[in-house]
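S.K.: Here it is: the structure, laid out below.
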Amino acid sequence: MKRGLVWFTEDLRVDDNETFLKAIEENDEIIPVFLLDSSTDRLQFSVPRCGRAREKFIKESLINLQHQFNRRGGTLLVVSGTPNVELPRLCVEYQIRKVYTKKQVGSEEKMLQTEIKQQLLKLGVDFQTYSTSTLYHPDDLPFSVRDIPMLFTKFRKLAEKESSVRTPFDAPQRIVTPNLEGNPIVTKEYSTPDWLLGGEDAAQLRLAEFIWESHSIRTYKETRDQLTGLNFSSKFSAWLSQGCISPRRIYSEIKRYEREIVSNESTYWVIFELLWRDFFRFSFKKHPKAYFLLNGLGQQALYTQFDPRKFEAWTQGKTSETLINAGMNELRVTGFVSNRMRQILASYWVFGMQQDWRYGAAWFEHCLVDYDVASNWGNWAYIAGVGNDNRGGREFNIEKQAQLFDRDGAYRSSWQKSHNEL
Ligand SMILES: Cc1cc2nc3c(=O)[nH]c(=O)nc-3n(C[C@H](O)[C@H](O)[C@H](O)COP(=O)(O)OP(=O)(O)OC[C@H]3O[C@@H](n4cnc5c(N)ncnc54)[C@H](O)[C@@H]3O)c2cc1C
């Protein structure tokens with residue numbers, strides 16, 4: 001009997017999941033595995049990597065993935081432990097011939113995959129990775145990842161002109177696994193906004209709601225910079241970052257909406273933003289380490305110091321700026337803030353407080369429920385002026401932003417409470 005092991009990471013879905021489909025196609029039986037790896041929760045710039053909001057979202061996504069398997073006749077094995085110990089062990093236990101997993105972009109994750117590949121080769125087990133998280137498949141780009149343009153606009157124009165988005169794969173009807181018994185998935189209580197529920201089912205519901213039920217996609221370009229509300233933006237990011245939905249599935253629904261209802265600048269603009277996501281992921285593949293360096297892609301960082309008192313004031317919403325405090329409170333409590341607020345908060349840390357940008361990025365990594373290595377570090381480097389930009393960074397004028405996006409002060413007053421009160 002041919003057996004393949006599918007190692008799920010940030011691709012917690014059965015729809016449009018090529019890794020998983022390939023394993024089903026090439027084997028009689030599969031062992032789908034998720035590893036709860038607590039060793040990744042080391043401090044980074046003095047901050048733990050994964051906060052409680054994201055931890056909860058991941059667990060919810062796993063519970064839902066388990067349901068997806070059960071509905072199709074299979075089970076998902078959730079195991080605690082480090083991949084380089086558990087994967088070889090499972091391969092021996094289940095007599096696996098090949099391991100299938102998603103290709104990583106972060107430098108540490110890539111190194112780990114290389115190490116595991118070597119270990120498995122010694123056991124006679126193949127190790128195959130697949131690119132499943134971008135809108136454009138890397139093989140379809142009109143340039144190699146090594147030659148990706150430095151600036152987004154050039155990347156976008158080339159991709160749009162000379163490449164096309166592949167049709168998403170449908171989810172399999174049946175999944176054949178042995179009866180697997182792993183660790184129970186225990187979620188810890190943590191209050192996040194109602195709409196932030198992890199898992200593929202919730203992602204599909206949100207897709208339907210944003211596009212087909214509320215038709216909010218029609219006006220997205222005009223509303224996307226707002227600070228509060230559910231439908232001013234898609235809120236797809238957390239599901240995308242854990243792979244509960246694929247960007248190709250979102251794209252195909254937008255295209256259907258454009259054919260059946262309306263095609264306008266707003267419907268296109270969601271795709272435009274998904275291209276930013278692709279751009280950072282592909283740039284990360286080219287520079288897996290540089291985005292974590294003070295000088296980023298090679299420019300000179302303006303500020304190099306780190307003052308723990310300033311960090312405390314910024315993270316706990318105790319600065320002299322009410323708009324910043326509101327944003328930092330919302331981020332810390334819910335794990336989510338709008339794109340515009342992220343830009344304002346990051347700009348204030350870098351230019352207002354004149355600090356090493358990487359501590360800010362690490363705090364966002366800790367808090368964000370939608371944390372994505374490339375989107376977070378790529379956007380931070382961009383704002384700090386050491387990333388994919390030739391304008392020396394993006395400084396936002398706080399008063400002007402408050403006038404534009406919180407004229408009546410409603411946002412500031414709803415998030416004004418200090419850390420202890422929240
Ligand atoms: C400092 C900073 C840090 C960020 N960190 C993250 C992060 O860790 N994870 C993350 O997913 N996004 C990050 N973003 C990008 C963006 O703010 C969020 O993707 C967006 O706010 C999520 O809300 P939404 O899904 O409603 O987005 P929408 O406005 O509805 O956009 C649709 C999708 O396009 C993508 N997208 C939109 N804007 C960007 C962008 N600037 N860069 C990359 N992709 C984008 C996202 O996948 C998003 O879900 C960051 C932006 C900044 C300025």
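S.K.: Go through region 142-177 residue by residue and tally those that are under 30 Å from Ile30 (Cβ atoms) and open to solvent by less than 40 Å² (accessible area, probe 1.4 Å).
M.R.: 7
S.K.: Would you pick out the residues in region 61-81 that are under 24 Å from Arg174 (Cα atoms) and open to solvent by less than 30 Å² (accessible area, probe 1.4 Å)?
M.R.: Hits for region 61-81 are Ser61, Leu62, Asn64, Leu65, Gln68, Phe69, Gly74, Thr75, Leu76, Leu77, Val78, Val79.
S.K.: Which helices (runs of 4 or more DSSP H) sit wholly inside region 182-290 and have at least 1 residues that are among the basic types (Lys, Arg)?
M.R.: 200-208, 220-223, 247-260, 265-286
S.K.: Right, next: Which of (1) within 14 Å of the ligand (Cβ to nearest atom); (2) open to solvent by 20 Å² or more (accessible area, probe 1.4 Å) is the odd one out, the single condition Met328 does not satisfy?
M.R.: Result: Met328 fails condition (2) only.
S.K.: Identify, by number, the condition in (1) within 12 Å of the ligand (Cβ to nearest atom); (2) free of Cβ contacts under 8 Å to residues at least 60 places away in the same chain; (3) open to solvent by 10 Å² or more (accessible area, probe 1.4 Å) that Ser266 doesn't meet.
M.R.: (3)
S.K.: Considering only residues that are under 18 Å from Leu274 (Cβ atoms) and either more than 10 Å from the ligand (Cβ to nearest atom) or not β-branched (Val, Ile, Thr) (or both), which ones fall in region 220-235?
M.R.: Tyr220, Lys221, Arg224, Asp225, Asn231, Phe232, Ser233, Ser234, Lys235 - these are the residues of region 220-235 that are under 18 Å from Leu274 (Cβ atoms) and either more than 10 Å from the ligand (Cβ to nearest atom) or not β-branched (Val, Ile, Thr) (or both).
S.K.: Moving to a separate point now. Checking the structure you have, find out if any residue of region 200-211 is more than 16 Å from the ligand (Cβ to nearest atom), closer than 17 Å to Arg249 by Cα and modelled with pLDDT of 95 or more.
M.R.: Checked region 200-211: at least one residue is more than 16 Å from the ligand (Cβ to nearest atom), closer than 17 Å to Arg249 by Cα and modelled with pLDDT of 95 or more.
S.K.: A follow-up question, please. List every residue pair whose Cβ atoms lie under 7 Å apart, where the two residues are 6 or more positions apart in sequence or sit on different chains, the first residue falls within region 375-389 and is open to solvent by 10 Å² or more (accessible area, probe 1.4 Å) and within 8 Å of the ligand (Cβ to nearest atom), and the second residue, located anywhere, is polar (S, T, N, Q) and assigned to a helix (DSSP H, G or I).
M.R.: Pairs found: Ile383/Gln343; Ile383/Ser347.
S.K.: Another one. Please count how many residues of region 333-357 are more than 15 Å from the ligand (Cβ to nearest atom) and assigned to a helix (DSSP H, G or I).
M.R.: Summing the residues that are more than 15 Å from the ligand (Cβ to nearest atom) and assigned to a helix (DSSP H, G or I) in region 333-357 gives 1.
S.K.: Let me ask something else. Among the candidates Phe292, Phe282, Phe364, Phe336, single out the residue that is touching a residue at least 60 places away in the same chain (Cβ under 8 Å), open to solvent by less than 10 Å² (accessible area, probe 1.4 Å) and not β-branched (Val, Ile, Thr).
M.R.: The conditions single out Phe282.
S.K.: Same structure again: State all residues of region 278-296 that are of a type in the set (Lys, Arg), in contact with a Ser or Thr (Cβ under 6 Å, 6 or more places away or on another chain) and within 16 Å of the ligand (Cβ to nearest atom); if no residue qualifies, say none.
M.R.: Arg281 - this is the single residue of region 278-296 that is of a type in the set (Lys, Arg), in contact with a Ser or Thr (Cβ under 6 Å, 6 or more places away or on another chain) and within 16 Å of the ligand (Cβ to nearest atom).
S.K.: In addition: Scan region 139-196 for residues that are among the hydroxyl-bearing types (Ser, Thr, Tyr) and farther than 29 Å from Ile96 by Cβ and jot them down.
M.R.: Of everything in region 139-196, those that are among the hydroxyl-bearing types (Ser, Thr, Tyr) and farther than 29 Å from Ile96 by Cβ turn out to be Ser144, Thr153, Ser163, Ser164, Thr167, Thr187, Tyr190, Ser191, Thr192.
S.K.: Further, regarding this structure: Checking Ser164 against (1) closer than 17 Å to Leu274 by Cα; (2) assigned to a helix (DSSP H, G or I), which single condition isn't satisfied?
M.R.: (2)
S.K.: For residues that are outside any helix (DSSP H, G or I) and crowded, with 19+ Cβ neighbours inside 10 Å, tally how many sit in region 11-29.
M.R.: 8
S.K.: Go through (1) among the polar types (S, T, N, Q); (2) farther than 16 Å from Asp370 by Cα; (3) not in a loop (DSSP other than H, G, I, E, B) one by one and return the number of the condition Thr319 breaks.
M.R.: So the condition that Thr319 fails would be (3).
The values are calculated or read from the model by the stated rules, or taken from the named source; none is laboratory data. Bear in mind the structure is a predicted one, so any value in this text is a computation, not a measurement. Note: ideal-geometry Cβ built from the backbone for every residue, glycine included; neighbour counts use all protein chains shown. When the accessible area is computed, the model is the full protein with side chains, heavy atoms only, and any ligands, DNA or RNA have been set aside. Shrake-Rupley method; radii C 1.70, N 1.55, O 1.52, S 1.80 Å.
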